Amino acid sequence: MWRLPRALCVHAAKTSKLPGPWSRPATFMSTLLINQPQYAWLKELGLREENEGMYNGSWGVTPAPKRGEIVRQIGDALWEKIQVLGSLVSLEMGKILVEGVGEVQEYVDICDYAVGLSRMTGGPILPSERPGHALIEQWNPVGLVGIITAFNFPVAVYGWNNAIVLICGNVCLWKGAPTTSLISVAVTKIIAKVLEDNKLPGAICSLTCGGADTGTAMVYHCEVTMHESIHDEDVNRLKKAYAQIRVGNPWDSNVLYGPLHTKKAVSMFLGAVEEAKKEGGTVVYGGKVMDRPGNYVEPTIVTGLGHDAPIAHTETFVPILYVFKFKNEEEVFAWNNEVKQGLSSSIFTKDLGRIFRWLRPKVSDCGIVNVNIPTSGAEIGGAFGGEKHTGGGRESGSDAWKQYMRRSTCTINYNKDLPLAQGIKFQ
């Protein structure tokens with residue numbers, strides 16, 4: 001077992017080696033959040049001054065319904081810690097508290113879903129063309145599943161994968177975002193306790209902390225398997241709505257909009273605003289860093305850009321809304337598909353014909369295609385995932401479980417004869 005210590009501190013130490021707590025100066029130890037009274041609640045998640053960042057081990061031969069029972073207990077354990085874990089999501093990631101708690105709730109929900117699925121992952125018995133034979137489709141675990149998640153959903157995305165991975169009989173190695181590693185450690189500790197309470201190794205759900213180099217090593221490791229006429233009116237309505245957004249401490253239940261995740265994100269925001277201006281866009285709302293402590297920027301609306309403006313095709317993970325004028329649905333449907341990303345898309349319309357034209361195979365090329373709801377907030381029961389540069393796999397619901405298992409087609413001859421398929425006979 002090797003361990004990567006993770007210090008629970010205000011500022012990350014920029015060093016290749018992290019010494020043990022006994023060698024840290026008292027002044028450094030006092031900067032650890034865990035040692036500050038207002039953050040004492042972090043200890044409820046099992047976090048310490050030093051936290052193990054990598055485990056190893058293997059999943060025993062356990063029937064699928066029994067694995068489902070373990071996942072049910074993981075969901076219960078997460079539910080017991082939902083408020084404090086949601087608070088940590090808000091603290092480390094920056095989203096408002098209700099969204100942080102909502103992320104944990106998604107994990108709890110997918111655990112509930114996976115419990116039922118653990119009794120339904122069998123394959124069919126297929127008709128054999130040969131007498132006295134049975135043709136069976138068998139689904140088996142793939143083994144080790146690597147799970148890499150981003151900072152913006154530091155709990156839910158792991159949950160979508162982890163719960164299904166476990167009921168399929170696999171083990172997993174999780175690399176969360178380096179800027180939300182305390183969340184990763186806390187979640188892993190909750191899962192490990194459930195596993196160990198059931199006489200199973202906590203290593204079934206392993207964790208590693210690191211940046212892009214770690215993720216690359218995991219991926220390549222051989223063992224890791226609007227219509228133009230209403231443009232101005234809608235922009236004005238958007239501006240009025242943006243002006244009502246309550247900005248502040250994400251733990252405040254009255255707040256709708258918290259800070260950006262990091263200082264780097266603030267720089268990316270400013271860079272995107274300037275680039276949009278250079279490419280012909282007009283900032284009609286926001287566009288500035290807010291004069292208050294923290295990584296706060298104004299929610300921003302940009303108009304006047306061409307649909308093919310490079311900045312509009314760049315995924316920046318900052319609160320900038322680009323608004324385009326279009327003449328007809330064929331034009332705007334094509335614009336939807338010209339970007340490299342393909343996770344989620346949505347239209348708002350009362351035209352029944354337009355709804356079905358939007359849903360047909362050659363229109364939206366995204367993995368999620370919505371009507372009259374936003375592009376966010378996917379339910380766990382449906383398969384979640386994108387196309388093109390957003391990837392081609394699926395997570396969470398529907399038949400996404402199949403990607404965590406390998407399929408075997410099994411033929412059993414219970415007859416005394418040895419007939420061949422396709423009626424072939426050797427004389």
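The values are calculated or read from the model by the stated rules, or taken from the named source; none is laboratory data. In this text, all values refer to a predicted model and were calculated from it rather than measured experimentally. So basically every Cβ, Gly included, is an ideal-geometry build from the backbone, and we count neighbours across all protein chains shown. Areas reflect the complete protein model, heavy atoms only, side chains present, ligands, DNA and RNA absent. Shrake-Rupley method; radii C 1.70, N 1.55, O 1.52, S 1.80 Å.
For the stretch 160-234, take the convex hull of the Cα atoms, compute a quarter of its surface area, and give me that in nm², please.
Hull-based average projected area comes out at 9.4 nm².
Please list, in chain and number order, the residues 5+ apart from Gly123 or on another chain whose amide H is under 5 Å from its amide H, with Hs placed from the backbone.
Trp139
Keeping every protein chain present and rolling a 1.4 Å probe, give me the accessible area per residue for the stretch 251-343 in Å².
53 Å²
Tell me whether the stretch 227-275 comes out rounded, prolate or oblate; compute the Cα gyration tensor, take square roots of the eigenvalues as a ≥ b ≥ c, and use a/c under 1.5 as the rounded threshold.
Cα axes put the stretch 227-275 in the oblate bin.
Given a cut-off of under 8 Å on Cα pairs at least six residues apart, what relative contact order in percent is computed for the stretch 332-412?
Dividing the mean separation by the residue count of the stretch 332-412 yields 28 percent.
Nearest-5 percent of antiparallel DSSP beta bridges in the chain?
Here the antiparallel bridges make up roughly 55 percent for the chain.
In whole Hz and in residue order, list the ³J(HN,Hα) couplings for the stretch 89-96 that follow from phi through the Karplus curve 6.51 cos²θ - 1.76 cosθ + 1.60, θ = phi - 60°; x for Gly and Pro.
So the Karplus estimates, Gly and Pro as x, are 4, 5, 5, 8, 8, x, 6, 5 Hz.
Percent relative contact order of the stretch 46-179, based on C-alpha pairs within less than 8 angstrom and at least six residues apart?
Once divided by the residue count of the stretch 46-179, the mean separation gives 27 percent.
Output ³J(HN,Hα) for the stretch 383-398: one whole-Hz value per residue in order, computed from phi by the Karplus curve 6.51 cos²θ - 1.76 cosθ + 1.60 with θ = phi - 60°, and x for Gly and Pro.
Here the 3J(HN,Hα) series is 5, 9, x, x, 10, 6, 6, 8, x, x, x, 9, 10, 6, x, 6 Hz.
Using unit Cβ charges (K, R positive; D, E negative) and no other charged atoms, how large, in debye to the nearest 20, is the dipole of the stretch 139-273 about its Cα centre?
Its charge dipole is roughly 360 debye.
On the protein heavy atoms, probe 1.4 angstrom, tell me the percent of accessible surface of the chain carried by carbon and sulfur.
For the chain, the apolar C and S fraction of the accessible surface comes to 56 percent.
To the nearest 500 deg cm²/dmol, what mean residue ellipticity at 222 nm is calculated for the chain from DSSP H runs of n ≥ 4 alone, each contributing -39,500 (n - 2.57), summed and divided by the residues?
Estimated from H runs of four or more residues: -10000 deg cm²/dmol.
³J(HN,Hα) across the stretch 410-420 via Karplus (A = 6.51, B = -1.76, C = 1.60, θ = phi - 60°), whole Hz, x for Gly/Pro?
So the J values, rounded to whole Hz, are 10, 10, 10, 9, 9, 9, 7, 8, 10, x, 9.
Could you check what % of the DSSP bridge pairs in the stretch 264-330 are antiparallel, to the nearest 5?
Antiparallel bridges make up about 50 percent of those DSSP assigns within the stretch 264-330.
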